[in-house]
Amino acid sequence: MNRGKKLILESVSDNTMEEDSLSVDVSSDALRFHKLDLEIGKEGITNTSTGVSLTLVPTEIEFGQVIGQGSSGVVFAARHIPSNTLIALKSINIYERDKRKQLENDLKALDEFSSPYLVKYYGAFFADGVVKVAMELMDLGSTRRVIQLLAGRPEPVMPESVLFRFTYSILQGLYYLHKEKHMVHRDIKPDNILINSKGDLKLCDFGVCRELANSAALCNTFVGTMTYMSPERLFRNAYGYPGDIWSVGLIVTELIRGFYPYPKPGNFIEMVENLQNLPPPQLPSNGLYSPQLVDFISRCLNTQPEQRATVQELLQHPWIQANQGNNVNIIEWYQGIIRK
């Protein structure tokens, strides 16, 4: 995985998905994004206007088992043989237009993102009609696995000190996306919050991210995972950064209680009815949860997006500030719940 100069990738709007298919050219040995001056071939990525390449050779990859399914494709465990680096390799079928758009966002992450709270991207190559994108391997899997392990236990299923570590990492990842890159993630869910054996927690899967022109800009497209969508998104209204904050509130509630806080919907209509007919989830006032945590969640789960806290405000919230000094060993805790 040799990295030369930075690839130059331009911002792409949602309209790309509606453009003529000639904007992307597929041959037997390469995928070319003409408007991006970008080519993905059998030995990596090349910027056709500058000649700068990012090499990743498939013969130097040792494939392992399937470890997941992202919004844009299947994910394999693998090893980069020359560096002996364990990686995750996402396989993307580029003959589907929406998958090509998601690939563009993954390539932006490869080139532009740099945060300890976001999964790293290493490179990509094209073979047999499929693009494989190499990413950092988070060997303990997703937060979804944590929730499954905790399900059915007495509340609270997770100490607030551990919950803080999850929440703080999610917020830091979103702060980078919202404030540094002006992007809405649009698919914040437990499956997209990964853990490694060093105790790092990171956001992944940027395939449906959307860049906003300014702080007042909004999105209109319907993408992401229904059960973690905010009311404005499910009701097909314009939305922005607050949509991600609603998702955070649901996940924090699910982590501390051990179950999804709404009745599980069987379809889209049931999900909409839940939001229309039920109040936003709240932690019970039974002494099991700190008042600061109860307030934190309420600041995320306001049905009015303009009244939700921003990611900056949440990072300054009393619950976050009160836990800043805790040095809980998240791996010891994780190993403990596996043994039980």
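Taken as a whole, the structure leaves residue 111 outside the set of residues that are under 17 Å from the mean Cα position of the chain (by Cα), buried (at least 22 other Cβ atoms within 10 Å of the Cβ), in a helix (DSSP H, G or I) and not assigned by TED's automatic domain parsing to the domain that holds residue 206. Screening residue 37 against (1) at pLDDT below 80; (2) under 26 Å from the mean Cα position of the chain (by Cα) leaves a single unmet condition, (2).
Confirm whether residue 42 is of a type in the set (Lys, Arg), in contact (Cβ under 8 Å) with a residue 24 or more places away in the chain, surrounded by 15 or more Cβ atoms within 10 Å (Cβ to Cβ) and more than 27 Å from residue 190 (Cβ to Cβ). In short, yes.
From the list 28, 53, the one residue that fits, being under 27 Å from residue 181 (Cα atoms) and either assigned by TED's automatic domain parsing to the domain that holds residue 174 or polar (S, T, N, Q) (or both), is 53. Scanning the stretch 248-261 turns up no residue that is out of contact with any helix residue (DSSP H, G or I) (no Cβ under 8 Å at 6 or more places or on another chain) and surrounded by fewer than 13 Cβ atoms within 10 Å (Cβ to Cβ).
Among the residues of the stretch 85-109 satisfying the criterion of being of a type in the set (Ser, Thr, Tyr) and within 17 Å of residue 74 (Cβ to Cβ), which is modelled with the lowest pLDDT? That would be 95. Here the condition is being touching a strand residue (DSSP E or B) at 6+ places or on another chain (Cβ under 8 Å), under 22 Å from residue 191 (Cβ atoms) and modelled with pLDDT of 95 or more; of 251, 256, it holds for 251 alone.
State which residue is farthest from the chain's Cα centre (by Cα) when the search covers only the stretch 46-84 and only residues that are under 20 Å from residue 97 (Cβ atoms) and touching a residue at least 60 places away in the same chain (Cβ under 8 Å).
Checked the stretch 46-84; the qualifying residue farthest from the chain's Cα centre (by Cα) is 72.
Restricted to the stretch 253-340, the set of helices (runs of 4 or more DSSP H) holding at least 3 residues that are among the β-branched types (Val, Ile, Thr) comprises 330-339.
Here are 130, 162, 119: which of them is assigned by TED's automatic domain parsing to the domain that holds residue 78 and modelled with pLDDT of 90 or more?
None of the others qualify; the one that does is 119.
The requirement of being among the polar types (S, T, N, Q), assigned by TED's automatic domain parsing to the domain that holds residue 124 and touching a residue at least 24 places away in the same chain (Cβ under 8 Å) is satisfied by residue 93.
When the stretch 126-145 is filtered for residues that are within 24 Å of residue 114 (Cβ to Cβ) and in contact with a helix residue (DSSP H, G or I) (Cβ under 8 Å, 6 or more places away or on another chain), the ones remaining, listed by number, are 131, 132, 133, 140, 142, 143.
Restricting attention to the stretch 297-330, the residues that are of a type outside the set (Gly, Ala, Ser) and surrounded by 14 or more Cβ atoms within 10 Å (Cβ to Cβ) total 18.
The values are calculated or read from the model by the stated rules, or taken from the named source; none is laboratory data. Only a predicted model underlies this, so the values are computations on that prediction, with no experimental measurement involved. We place every Cβ from the backbone using ideal geometry, glycine too, and count neighbours over all the protein chains shown.
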